[in-house]
Amino acid sequence: MSVIALDAASSHLLDNPAWAALTGPHARFAELPHSRIRSSGGTPIAHAVRYQQDVAPFHALSDEDDPRAWADLAALVGPGGTAAVRGVTEAAEGWEIVRTGHGVQLVDTALRAEPDPEAVRLGPDDVPEILDLVARTEPGPYLPRTVELGTYLGIRHEGRLIALAGERLHPPGWTEISAVCTDPAHRGRGLATRLVRAVAAGIKERGERPFLHAAATNADAIRLYESIGFTLRRHTVFSLVRNTGAAVLEETA
């Protein structure tokens, strides 16, 4: 499995994509620590941020080695609260790791993006169907307002939603393709590939580049993505951490 190297600026964005998204194109979905909602020149000052809790379950630290980031995260989740964060393998003071998962990040290097005539744009009215399909196929977390993060496309059979893919994290210049899933009764027909290509077509029309994540153990998905033009960029770690109550919010920015 080959690994691609990106230029330094792009590499930085994709090393911490949730932070880049929440402090950039997805700022409208960001939730800051209450004590940090002050601004300098209109820009909120914080070292940790999370998506609104009915949009996505992700939290982001500006720098996992910065105690101020952990203090701000503690202010966000409260004593005993949990946070899903990237890149954390050792618990900071006042925190414990509940569980850790390993994944891979892949970027588009040769993907043929094209619209699909059967793909339909999904919106808030389709959320119950989306949540039902996600519950049956488990492509990853999907919440009632996740559909607002970007374009979600689906394919229907006899009026029923049978396949899904869409846009999630949105660092500047990049968009993550996520929630790729197909009803088990309709697998083997290339529906997931068609939707990935269709979602990517919209991303590329904006002058942006697709990327995605997959569980490191999901060899079938990784092989599929590589076969259609994605290349492994890096291995990733995602951890659920719990605030044990010892972290104290610093007042310095």
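The values are calculated or read from the model by the stated rules, or taken from the named source; none is laboratory data. Everything numeric here is computed off the predicted structure, so don't read it as measured data. Using ideal geometry, Cβ is built from the backbone for each residue, glycine included, and neighbour counts are taken over all protein chains shown. To get the accessible areas, we keep the full protein, side chains included, count just its heavy atoms, and leave off ligands, DNA and RNA. Shrake-Rupley method; radii C 1.70, N 1.55, O 1.52, S 1.80 Å.
Is there any pair linking a residue in segment 171-183 that is over 18 Å from Arg28 (Cβ atoms) to one that is open to solvent by 10 Å² or more (accessible area, probe 1.4 Å) and hydroxyl-bearing (Ser, Thr, Tyr), with Cβ under 6 Å and at least six apart or on different chains, and which?
As it stands, the answer is Ala179/Tyr142; Cys181/Thr137, since those pairs meet every condition given.
If I ask for residues that are in a strand (DSSP E or B) and buried (at least 24 other Cβ atoms within 10 Å of the Cβ), which ones from segment 161-175 would you list?
Just the residues of segment 161-175 that are in a strand (DSSP E or B), to begin with: 161-167, 174-175.
Those that are in a strand (DSSP E or B) and buried (at least 24 other Cβ atoms within 10 Å of the Cβ): Ala163, Leu164, Ala165, Gly166, Thr175.
Over 21 Å from Val180 (Cβ atoms) and open to solvent by 30 Å² or more (accessible area, probe 1.4 Å), is that true of Gly80?
In short, yes.
Looking only at segment 26-36, decide whether some residue is modelled with pLDDT of 95 or more, in contact with a Phe, Trp or Tyr (Cβ under 6 Å, 6 or more places away or on another chain), assigned to a helix (DSSP H, G or I) and open to solvent by less than 50 Å² (accessible area, probe 1.4 Å).
Among the residues of segment 26-36, at least one is modelled with pLDDT of 95 or more, in contact with a Phe, Trp or Tyr (Cβ under 6 Å, 6 or more places away or on another chain), assigned to a helix (DSSP H, G or I) and open to solvent by less than 50 Å² (accessible area, probe 1.4 Å), which makes the answer yes.
Across segment 235-253, which residue is nearest to Thr100 (Cα to Cα) among those that are out of contact with any Gly (no Cβ under 9 Å at 6 or more places or on another chain) and at pLDDT below 95?
Among those that are out of contact with any Gly (no Cβ under 9 Å at 6 or more places or on another chain) and at pLDDT below 95, it is Leu249.
Here is a check on your reading of the model: is Gly154 of a type in the set (Gly, Ala, Ser) and over 16 Å from Arg187 (Cα atoms)?
Details: of a type in the set (Gly, Ala, Ser): yes; over 16 Å from Arg187 (Cα atoms): no.
No; evaluated as a whole, the condition is false for this residue.
Determine, yes or no, whether Ala92 is part of a loop (DSSP other than H, G, I, E, B) and modelled with pLDDT under 95.
yes
So Leu111 ticks every box in (1) part of a loop (DSSP other than H, G, I, E, B); (2) open to solvent by 20 Å² or more (accessible area, probe 1.4 Å) but one. Which box is left unticked?
(2) is the only condition that Leu111 fails.
Which of the residues that make up segment 141-154 are touching a residue at least 40 places away in the same chain (Cβ under 8 Å), in a loop (DSSP other than H, G, I, E, B) and open to solvent by less than 70 Å² (accessible area, probe 1.4 Å)?
Across segment 141-154, the qualifying residues are Pro141, Leu143, Arg145, Thr151.
Among Arg136, Arg99, Arg68, which is the only one that is of a type in the set (Lys, Arg), without any contact (Cβ under 8 Å) to a residue 60 or more places away in the chain and more than 26 Å from Trp174 (Cα to Cα)?
Exactly one residue qualifies, and that residue is Arg136.
Would you point out which residue out of Thr175, Thr151, Thr182 is in contact with an Asp or Glu (Cβ under 6 Å, 6 or more places away or on another chain) and under 21 Å from Pro117 (Cβ atoms)?
Going through Thr175, Thr151, Thr182 in turn, the sole match is Thr151.
Identify, from the list Arg234, Arg187, the residue that is under 27 Å from Glu90 (Cα atoms) and open to solvent by 70 Å² or more (accessible area, probe 1.4 Å).
Testing whether each residue is under 27 Å from Glu90 (Cα atoms) and open to solvent by 70 Å² or more (accessible area, probe 1.4 Å) leaves just Arg234.
If you scan segment 80-96, which residues turn out to be touching a residue at least 12 places away in the same chain (Cβ under 8 Å), among the charged types (D, E, K, R) and within 16 Å of Ala60 (Cα to Cα)? Steps first, please.
Of segment 80-96, the ones touching a residue at least 12 places away in the same chain (Cβ under 8 Å) are 80-89, 91-96.
In the following step, the residues that additionally are among the charged types (D, E, K, R) were identified as 86, 93, 96.
Across segment 80-96, the qualifying residue is only Arg86.
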